[in-house]
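Let me begin by presenting the structure, written as structure tokens, before commenting on it.
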Amino acid sequence: MSTNFRDLLALEPLTADELSFLLDQSKPFQEIQKHPLKKLATLRGKTVALAFFETSTRTRISFGTAASRLGADTMNLQAEASSLKKGETLLDTVFNLNAMKPDCLVMRHAASGATDYVARHLDIPVVNAGDGTHEHPSQGLLDALTIRDRLGTIKNLNVTILGDILHSRVARSNIHLLGKFGCKFTLCGPAIWVPRELEKIAPGTPIRCVYRMEEALEGADVIIMLRVQTERLDDPPLSSNDYVLLYQLNAERLQRASPNAIVLHPGPMNRGIEITPEVADGPQSCVLEQVTNGVAVRMAILYLLISGATETDTHPALEVKPKESANATD
Amino acid sequence: MRIVEKSQLMSAPEIDRTLQRLAHEIVEKSGGTKNLALIGIVRRGVPLAQRIAQAMRGIDGVEVPVGVLDITLYRDDLSKVAPMAVLRSSDIPFGVDNMDLVLIDDVLYTGRTIRAAMNGLFDLGRPKRVSLCVLIDRGHREMPIEAQFIGRHVQTSDTEIIEVRLREIDKEERVVLVDRVE
């Protein structure tokens, strides 16, 4: 098998083998998080441009930390401070960033497909850090890594996703990744956020939409909570109290899931709305492991895209190499 | 390009005897096995380290800890050898502070791997001493690095390649000298 990633824009087009490869390559970086000295020089002299046209705290800091732990430098663009406010087009802004010669662009944008569009116009690798309601590939990968570490596998699990699934790029990346490993999905939330069309977004993957939380949790191995975007609670007209009553994950409801079930949340959590503190801080919660794994996954992504590493079975001596590396192991 | 085998440098029993000798030399020179640990460099240094540790069990009756180090992230030629840059896991399940570490690899050539390995080790702490043990030293150094424990010196030209084939990885056991032919 040979895998060469030019960009990382979405998980949907990747095969199970390619996804496994990405998860496996994250493992060495998980170990580095435990070292007393966490900084490598692997990407010394390389620059990662972080362009967040939509606000982000966790993902931006996570990519920034990943870049600096690999020895790379970062340039930062944040929506509030950017020329976009002054009327510059997206492509002009990106071309200007690119003119400062970064080696990779990590980009978030409120419009679905914006990252693909930019990637078509750039010759450096582009990483999608979330585009509209389309995908958030690094989140999908770090979730899968967290599940694999906790449950030992990502194959054939019952995965329940709760909340505003219609507007969630995290849910889509989760479905496209875990679906390729035979996972079955149950989506649950207020009907207007969980339209039946979602059952068809990943052909070949069993997805069902249910509207009673108790039913959705029955036998779940993995529960992925999504943040309730409280600004969206006006549409549908649903009070926070009603949401809590119908869809909050509390300890009593969690008992309906499989006894070893784990709870994920991409953050930021609304404690007391979609999840109770008891569950968020309980033994089944993986929320902080997700954050730690996020740095490892993003180190792997940056490393693979910037170094151009590939997996190959070719005899090492047949690779064209500079003299100093002619010996396979030296 | 193809690979042509020129000669066999070591047979399986020769490899075995050499590793036995290297185990004795390391124990002798270290004054026992106290604070001693072996670090196998991925890939073929790993089975070699495990076998040397096993031989030491026969000498001192002591279990010498063995760690695994993948030096890919510490290389200085990242972009030039992309196909080799796939990561494997390091696993050093003990603290390296104040330890007497012996790096184990199959072939010592330019010395760049060992330079990278030392960077990797020092990210984990401050060992008391680091020495180097290789099955084959083939010369052509580009770094001021020498091995303290050497299985065999082999004179080579720099188009030649030494392949150490071990049963754990290659399903056969011998050391061969090969050449690249257009």
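Structural remarks
- In the range A:7-46, residue farthest from A:Ile306 (Cα to Cα) [restricted to those that are under 15 Å from the mean Cα position of the chain (by Cα) and among the hydroxyl-bearing types (Ser, Thr, Tyr)]: A:Ser20
- Residue within the range A:92-105 that is under 20 Å from A:Arg172 (Cβ atoms) and among the small types (Gly, Ala, Ser) present: no
- Under the condition of being farther than 15 Å from A:Ile175 by Cα and either under 22 Å from the mean Cα position of the chain (by Cα) or not assigned by TED's automatic domain parsing to the domain that holds A:Gly179 (or both), the residues counted in the range A:195-216 number 0.
Condition check ((1) surrounded by fewer than 24 Cβ atoms within 10 Å (Cβ to Cβ); (2) closer than 30 Å to A:Gly267 by Cβ) across all residues:
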| residue | (1), (2) |
| --- | --- |
| A:Asp92 | yes, no |
| A:Phe95 | yes, no |
| A:Ala99 | yes, no |
| A:Arg108 | no, yes |
| A:His121 | yes, no |
| A:Val127 | no, yes |
| A:Gly132 | yes, yes |
| A:Glu135 | no, yes |
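- Count - residues of the range A:215-230 that are loosely packed, with under 14 Cβ neighbours inside 10 Å and at pLDDT 95 or above: 2
- Whichever residue in the range B:1-29 is of a type in the set (Val, Ile, Thr) and part of a helix (DSSP H, G or I) and, among such residues, is nearest to the other protein chains (Cβ to nearest Cβ): B:Ile15
- Unique match (being over 21 Å from the mean Cα position of the chain (by Cα), of a type in the set (A, V, I, L, M, F, W, C) and surrounded by fewer than 23 Cβ atoms within 10 Å (Cβ to Cβ)) among A:Leu254, A:Leu166: A:Leu254
- Residue in the range A:138-158 that is surrounded by fewer than 19 Cβ atoms within 10 Å (Cβ to Cβ), modelled with pLDDT under 95 and not aromatic (Phe, Trp, Tyr) present: no
- Among the numbered conditions (1) in contact with a helix residue (DSSP H, G or I) (Cβ under 9 Å, 6 or more places away or on another chain); (2) in a helix (DSSP H, G or I); (3) crowded, with 22+ Cβ neighbours inside 10 Å, the only one that B:Ala49 does not meet is (1).
- Residue in the range B:90-110 that is polar (S, T, N, Q), over 15 Å from the mean Cα position of the chain (by Cα) and either part of a strand (DSSP E or B) or within 12 Å of chain A (Cβ to nearest Cβ) (or both) present: no
- Just one of (1) at pLDDT 95 or above; (2) more than 14 Å from every other protein chain (Cβ to nearest Cβ); (3) not in a strand (DSSP E or B) fails for B:Gly32. It is (1).
- Residues in the range B:35-58 that are of a type in the set (Val, Ile, Thr) and within 14 Å of another protein chain (Cβ to nearest Cβ): B:Ile41, B:Val42, B:Val46.
- Meets criteria (among the hydrophobic types (A, V, I, L, M, F, W, C) and assigned to a helix (DSSP H, G or I)) for B:Ile169: yes
- Residue within the range A:193-207 that is of a type in the set (Lys, Arg) and touching a Cys at 6+ places or on another chain (Cβ under 6 Å) present: yes
- Cβ-Cβ under 9 Å pairs, at least 6 apart or on other chains, the range A:250-261 side touching a residue at least 12 places away in the same chain (Cβ under 8 Å), far side buried (at least 16 other Cβ atoms within 10 Å of the Cβ) and of a type in the set (Asp, Glu): A:Ala257/A:Asp221; A:Ser258/A:Asp221; A:Asn260/A:Asp221; A:Ala261/A:Asp221
- Matching residues in the range B:164-180 - criterion: being charged (D, E, K, R) and more than 7 Å from chain A (Cβ to nearest Cβ): B:Arg165, B:Arg167, B:Glu168, B:Asp170, B:Lys171, B:Glu172, B:Glu173, B:Arg174, B:Asp179
- Of the candidates B:Leu108, B:Leu36, the single residue that is in contact with a strand residue (DSSP E or B) (Cβ under 8 Å, 6 or more places away or on another chain) and buried (at least 23 other Cβ atoms within 10 Å of the Cβ) is B:Leu108.
- Of the helices (runs of 4 or more DSSP H) lying entirely inside the range A:1-103, those carrying at least 1 residues that are modelled with pLDDT under 95 and within 14 Å of chain B (Cβ to nearest Cβ) are A:16-32.
- Among residues of the range B:118-129 that are more than 7 Å from chain A (Cβ to nearest Cβ), those with a Cβ under 6 angstrom from a residue that is part of a loop (DSSP other than H, G, I, E, B), sequence gap 6+ or separate chain, pair up as B:Gly120/B:Ile71; B:Arg126/B:Asp97; B:Pro127/B:Val96; B:Pro127/B:Met99; B:Lys128/B:Asn98.
The values are calculated or read from the model by the stated rules, or taken from the named source; none is laboratory data. Worth saying up front: this structure is predicted, and the values here are computed from it rather than measured. Cβ sites come from the backbone with ideal geometry, for glycine too, and all protein chains shown count toward neighbours.
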